[in-house]
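Below is one structure, written out as structure tokens; comments come after it.
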Amino acid sequence: MTNKLYGIDFGTYAIKIYHYRQGICFHQKSVIASRGKDQIIAIGEEAYEMVGKQPEYIDIDFPIRNGVVADYDKMLALINCIAMDMARAGDKMKGASFIIAVPTEVTDVEKKTFYDIIDSSIIRPKRIRIVEKPLADALGCGIAIDDSHGSLMVNIGADTTEISVISQGGIVLSRLCSCGGTRFDEAVIAAVRRKYNLMIGPRTAEQVKIGLIDLASDGSGVMKAYGRDYMSGLPREREITADLVNKAVAEPLETILDAILSVLERIPPEISADVYRGGITISGASSALGGLAYHVSQSTGLKVNIAPNGATSVADGLGRVMEDENYEHLAKPLKRTYYEND
């Protein structure tokens, strides 16, 4: 394979780009800040810092929602900005080949949108192929997907959780659950409002969630949070307890657990034996929540393995596809009816 080869994981919360033989060369938030239709002010981490603080004339957009492209124009603008920023840093993607990770449980039209974003960008790609995201995820977690041993993958992203059963190099079962890390944040915001009459933003809720949540503990931790008092309208500080956060995320977490159990109920008996022995592998940006493995294990009765590279496992898996000829066959073009130039 050529060195001008990149793998892209279009995450709802972050975009990860893997450069062949060099590793992850871009990992930033999937956010774009703009003024009007054409003036781009910031992207990535810089744009994310503006969330909740921007004046009315600045729009903050997350162009990926629920695992698919929700705003084509903003996503195209974001990719163009990323390409220009990387070119200025000496990493030129123009004319390169690309492998894109796509969710399994989306339509062909939604998969084609990812293809079109790259194809229509200033990159002018030489070739574009796609890889099913659960397969890339499993490879990134170090799972040998080509053998007969069945594996259960749970990728908890920002807006969605993708649950997949993999065996013999293919996906046996898959389910996309519309619940992820942002639902946890929304639950924390609602709980703090009810308990303290305090309005906090999504960034503060995320910090509180990461700092306090421990689903395996008694919830004795405390963390200060700042927001606006609902009654007076004035800025206030409150001490948020871990117990409050643990209880707040219980409902969205139960939605994910129900989805896992529904997939477990449909697994063929032989693969059930493999899953019982090998356990569940959890990846994704929200896989690092404190006590998550314990909680899922208690609910399912199975061993749970948390991927050490959960936030980048899909991008790392794309690297395996690019760099290991045994997995190159996983990268496929879209169906001929959806493209002309590949």
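The values are calculated or read from the model by the stated rules, or taken from the named source; none is laboratory data. Here the structure is a predicted model, which is why all the values come from computation and not from measurement. Please note: Cβ atoms are built from the backbone with ideal geometry, for glycine as well, and neighbour counts cover all protein chains shown.
List the pairs whose first member sits in segment 260-289 and is touching a residue at least 12 places away in the same chain (Cβ under 8 Å) and on the phi < 0 side of the Ramachandran plot, whose second member is assigned to a strand (DSSP E or B) and small (Gly, Ala, Ser), and whose Cβ atoms are under 6 Å apart, counting only residues at least 6 apart or on separate chains?
These pairs meet every condition: Ile271/Ser167.
Being part of a helix (DSSP H, G or I), touching an Asp or Glu at 6+ places or on another chain (Cβ under 9 Å) and modelled with pLDDT under 95: is that true of Asp243 here? Give the derivation first.
Numbers: part of a helix (DSSP H, G or I): yes; touching an Asp or Glu at 6+ places or on another chain (Cβ under 9 Å): yes; modelled with pLDDT under 95: yes.
Judged against the criteria, Asp243 is a match.
Can you tell me how many residues within segment 111-152 are assigned to a helix (DSSP H, G or I) and in contact with an Asp or Glu (Cβ under 7 Å, 6 or more places away or on another chain)? Step through it out loud before you land on a result.
From segment 111-152, those assigned to a helix (DSSP H, G or I) are 111-119, 133-140; that's our starting set.
Now narrow it down to the ones that are in contact with an Asp or Glu (Cβ under 7 Å, 6 or more places away or on another chain): 133-134, 140.
Adding up the residues that qualify gives 3.
Before we move on, is Asp214 at pLDDT below 95 and over 30 Å from Glu265 (Cα atoms)?
No.
Do we find that Lys303 is closer than 30 Å to Ile128 by Cα, more than 17 Å from the chain's Cα centre (by Cα) and either at pLDDT 95 or above or basic (Lys, Arg) (or both) in this structure? Before you say what the answer is, go through the steps one by one.
Numbers: closer than 30 Å to Ile128 by Cα: no; more than 17 Å from the chain's Cα centre (by Cα): yes; either at pLDDT 95 or above or basic (Lys, Arg) (or both): yes.
So Lys303 fails the test.
May I ask you to list the residues in segment 242-256 that are without any contact (Cβ under 8 Å) to a residue 60 or more places away in the chain and buried (at least 17 other Cβ atoms within 10 Å of the Cβ)?
Matches in segment 242-256: Ala242, Leu244, Val245, Asn246.
Quick one: what pairs do we get from segment 218-234, first residue without any contact (Cβ under 8 Å) to a residue 60 or more places away in the chain, second loosely packed, with under 13 Cβ neighbours inside 10 Å and not in a loop (DSSP other than H, G, I, E, B), C-beta under 7 Å, 6+ apart or different chains?
Val222/Glu239; Lys224/Glu237; Lys224/Glu239; Tyr226/Pro235; Tyr226/Glu237; Arg228/Pro235
Looking only at segment 117-167, count every residue that is surrounded by fewer than 24 Cβ atoms within 10 Å (Cβ to Cβ) and free of Cβ contacts under 8 Å to residues at least 40 places away in the same chain and tell me the total.
6
Confirm whether Glu265 is closer than 20 Å to Tyr18 by Cβ and either loosely packed, with under 15 Cβ neighbours inside 10 Å or modelled with pLDDT under 95 (or both).
Working: closer than 20 Å to Tyr18 by Cβ: no; either loosely packed, with under 15 Cβ neighbours inside 10 Å or modelled with pLDDT under 95 (or both): yes.
Considered against the rule, which asks whether it is closer than 20 Å to Tyr18 by Cβ and either loosely packed, with under 15 Cβ neighbours inside 10 Å or modelled with pLDDT under 95 (or both), Glu265 comes out as no.
Kindly provide the set of residues from segment 52-76 that are surrounded by fewer than 16 Cβ atoms within 10 Å (Cβ to Cβ) and in a loop (DSSP other than H, G, I, E, B), ordered by number.
Gly52, Lys53, Pro55, Glu56, Tyr57, Asp71 - these are the residues of segment 52-76 that are surrounded by fewer than 16 Cβ atoms within 10 Å (Cβ to Cβ) and in a loop (DSSP other than H, G, I, E, B).
Spot the failing condition for Thr281; the list is (1) part of a helix (DSSP H, G or I); (2) within 14 Å of Val154 (Cα to Cα); (3) at pLDDT 95 or above, and only one is missed.
(1)
Of these, Ile8, Ile82, which one is part of a strand (DSSP E or B) and in contact with a helix residue (DSSP H, G or I) (Cβ under 9 Å, 6 or more places away or on another chain)?
On the way: Ile82 fails: part of a strand (DSSP E or B).
Exactly one residue qualifies, and that residue is Ile8.
Can you say whether Tyr294 is farther than 24 Å from Ala311 by Cα, in a helix (DSSP H, G or I) and among the aromatic types (Phe, Trp, Tyr), as far as the supplied structure shows? Break it down stepwise before answering.
On the way: farther than 24 Å from Ala311 by Cα: no; in a helix (DSSP H, G or I): yes; among the aromatic types (Phe, Trp, Tyr): yes.
No: the conditions fail for Tyr294.
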